[in-house]
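See below for the structure under consideration.
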Amino acid sequence: LPIGILVSGRGSNMEAIAAAIEAGEVPARIQAVISDRPEARALELARERGLKAFCLAPGEYPSRQAYDLALATALKKEGVELVALAGFMRLLGREFLEQFPGAVINIHPALLPAFPGLNAQRQALEYGVKFSGCTVHFVDAGMDTGPIIAQAVVPVRNDDTPETLAARILAEEHRLYPRVIKWLAEGRVELRGRRVIVRS
Ligand code: GRF
């Protein structure tokens, strides 16, 4: 499965996906890693792995729609069939999503629908939940609202800070995201309304 990964920062999920593919665990190929920020460490990490990696900066486009269209066009040009958002800090509009129907996924560091948006780990601690985790979901035009494909759970500990909780969740993200891409590459994922069925 030819995939594209959209990033904005650190790139640890991109690394986990790339490593799983290199290890032969996921039948996919990373065609391009694209960042909306030129300084993203993810771009360097991708290049070190020999992946095609470049920045498309929103500031260089006249509108959000123009940017979304340029992003979609770049991914199409690379032959991408699945778009994985990995710490990509922008909402994608309909112009983009229409180009990749049912083929855009995201990972979020909370058990959605709890704690969407920014600082999910801090939100979970402040709310006082005893478990949190991560969610891989299809992307729709909302903020972290699309159909849920898979989740992993971690306990919240008494002495957790946002940083310690984030680290525990991140370890699960790095296992869950490659696994979901494997399921998609194997054609085992089916959308029934809002429910996602993964065939065994
Ligand atoms: C992850 O916690 C992910 O769940 C969230 O943004 C963070 C990205 O981290 N969407 P990285 O860039 O993959 O290291």
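Comparing mean-square fluctuations of GLU22, GLU126, GLU172 from a GNM of the chain with C-alpha springs under 10 Å, the top value falls on GLU126. With a Förster radius of 45 Å applied to the beta-carbon distance between LEU118 and ARG199, the computed FRET efficiency rounds to 0.85. Straight-line cross-link reach from LYS77 at under 15 Å between alpha-carbon atoms covers these aspartates and glutamates, not counting any fewer than eight positions away in the same chain: ASP68. Under 16 Å of direct C-alpha separation, and excluding same-chain neighbours fewer than eight residues apart, LYS76 reaches these lysines: LYS52. Rounded to the nearest 20, the Cβ-based charge dipole of the range 77-200 about its Cα centre (Lys and Arg +1, Asp and Glu -1) stands at 360 debye.
Computed over the alpha-carbon pairs of the range 137-200, the distance histogram in 5 Å steps reads 3, 15, 20, 20, 19, 12, 7, 3, 0 percent, short to long.
Counting charges near GLU44 (Lys, Arg +1; Asp, Glu -1) among other residues having Cβ under 14 Å from its Cβ returns a value of +3. Looking only at the range 14-31, which residues have a backbone nitrogen under 17 Å from a spot 7 Å from the Cα of ARG41 in the C-beta direction? Output list for this probe position: 14-19. Over the chain, DSSP H runs of length four or greater, each weighted -39,500 (n - 2.57), average out per residue to a 222 nm ellipticity of -10500 deg cm²/dmol. Neighbours of ILE197 by Cβ distance under 10 Å: Lys/Arg scored +1, Asp/Glu scored -1, total +3. Judged by the ratio a/c of the largest to the smallest principal axis of the C-alpha gyration tensor, the chain counts as rounded, that ratio being less than 1.5. Taking all C-alpha pairs of the range 9-115, those more than 21 Å from each other amount to 36 percent. In this simple spin-label model, placing a label point 7 Å from the Cα along the Cα-to-Cβ direction at both ALA57 and LYS77 gives a separation of 1.7 nm.
Laboratory data are not the source of any read-out in this text; all were calculated from the coordinates shown. Everything numeric here is computed off the predicted structure, so don't read it as measured data. Glycine gets a Cβ as well: all are built from the backbone with ideal geometry, and neighbour counts include every protein chain shown.
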